[in-house]
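What follows is a single structure, written as structure tokens, with notes after it.
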Amino acid sequence: MRLKWLTISLITLFFCTGLFAKASTIQKDFINTQTEAFADSTHPYALIAGGSKGIGYAIAEAMAHRNYNLILIARGLDTLIAAKQRLESAYPVHVEIIAKDLSFDKSAEEIAQWCIDKNIHLKVLCNVAGFGGTNDYLSLPIDTLRYMIRLNIESMVTLSLTLLPLLEKNSPSYILNVASMAGFAPIPEKSLYSATKAAIISFSYSLRYQLKSKNISVSCLCPGPVYTKPSIVKDTKDKLGWFGKQMVVPVKKVGETAVRKTFKRRMIIVPGGFSKTISVFIRIFPQRWLASLYYQIGKKPPKE
């Protein structure tokens, strides 16, 4: 009975606030196309871990639009080369690419040393690399679970630490960590994934205060559903239905919003008016209620 009441209450709140969110989004859809002014005449660098496709590429494009040179890191060399060619043909920037698996122990140290050896004018670090999917924990092998933890959390922690000297040297500078709205609440069907994203949010809050005196701003991007691959489209439609459709934000807009608000030194960044409103309620409700609600949603049979 309590679960039924909670579900009805949430639906009512979402519907009522959805209209307000839609109205406010109309005013916020304008994208500032002015290029940021830099302290010197050379273009600074933004390093984007996981920047060859999806949200990472959208962030790279938003950075290139602001005349930032780029360092893109991903496992696949082919996708990196393709991303480099597209960005350099569209924007007057230089793009460096590093094909490396960020889940490996030495990757962060090797990347940092490469940047130091080349005396990279690094001002922005974007920790985008991550692993998720529609299956989690009980249905995945231990090696895959370990890979998720290493890529989602360890790569962010180690890259932030090893590149800190360069960011401090070139301050004011920025760190953008990419989490998810899944980090705001426990999701039984994606228990480990939501836990790793919650860790990213918590770490970002703490690091923000630790680096304040060094003039390094830390932000955390927490998007709702973003259609970057077919499995996300299917899972969103099957599990969230109408609400999922309203929450979806185009990937290019996610990248632009993330970069714009990072430079404004915002802590939590949730793209899209509807998603932002829902995220407020998710953070207000008790975790055990949300876990129960997500569990019921996760048990919904997929649509044929």
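The values are calculated or read from the model by the stated rules, or taken from the named source; none is laboratory data. All of these numbers come straight from a predicted model, not from anything done at the bench. Here the Cβ positions follow ideal geometry from the backbone for every residue, glycine too, while neighbour counts run over all protein chains shown.
Kindly evaluate E154 against the criterion of being at pLDDT 95 or above, assigned to a helix (DSSP H, G or I) and under 29 Å from S191 (Cα atoms). For E154, the condition - at pLDDT 95 or above, assigned to a helix (DSSP H, G or I) and under 29 Å from S191 (Cα atoms) - is met.
Elements of the type helices (runs of 4 or more DSSP H) sitting completely within segment 251-304 and holding at least 2 residues that are out of contact with any Ser or Thr (no Cβ under 6 Å at 6 or more places or on another chain), at pLDDT 85 or above and buried (at least 19 other Cβ atoms within 10 Å of the Cβ): these cover 251-263.
Taking the stated definitions as given, is K118 surrounded by fewer than 23 Cβ atoms within 10 Å (Cβ to Cβ), among the basic types (K, R) and modelled with pLDDT under 95? Answer is yes for this residue. If you go through segment 216-236 and keep only what is of a type outside the set (A, V, I, L, M), modelled with pLDDT under 75 and touching a Phe, Trp or Tyr at 6+ places or on another chain (Cβ under 7 Å), you end up with nothing.
Go through (1) crowded, with 21+ Cβ neighbours inside 10 Å; (2) closer than 30 Å to F285 by Cβ; (3) aliphatic (A, V, I, L, M) one by one and return the number of the condition L159 breaks. So L159 meets the others, but not (2). In segment 280-299, the residues that are among the β-branched types (V, I, T) form Cβ pairs under 6 Å with partners that are at pLDDT 75 or above, at six or more places apart or across chains, as follows: I282/F184; I282/A185.
Among the residues of segment 171-187, those identified as more than 18 Å from G51 (Cβ to Cβ) and either in contact with a Cys (Cβ under 8 Å, 6 or more places away or on another chain) or surrounded by fewer than 18 Cβ atoms within 10 Å (Cβ to Cβ) (or both) are S171, P172, M181, G183, F184.
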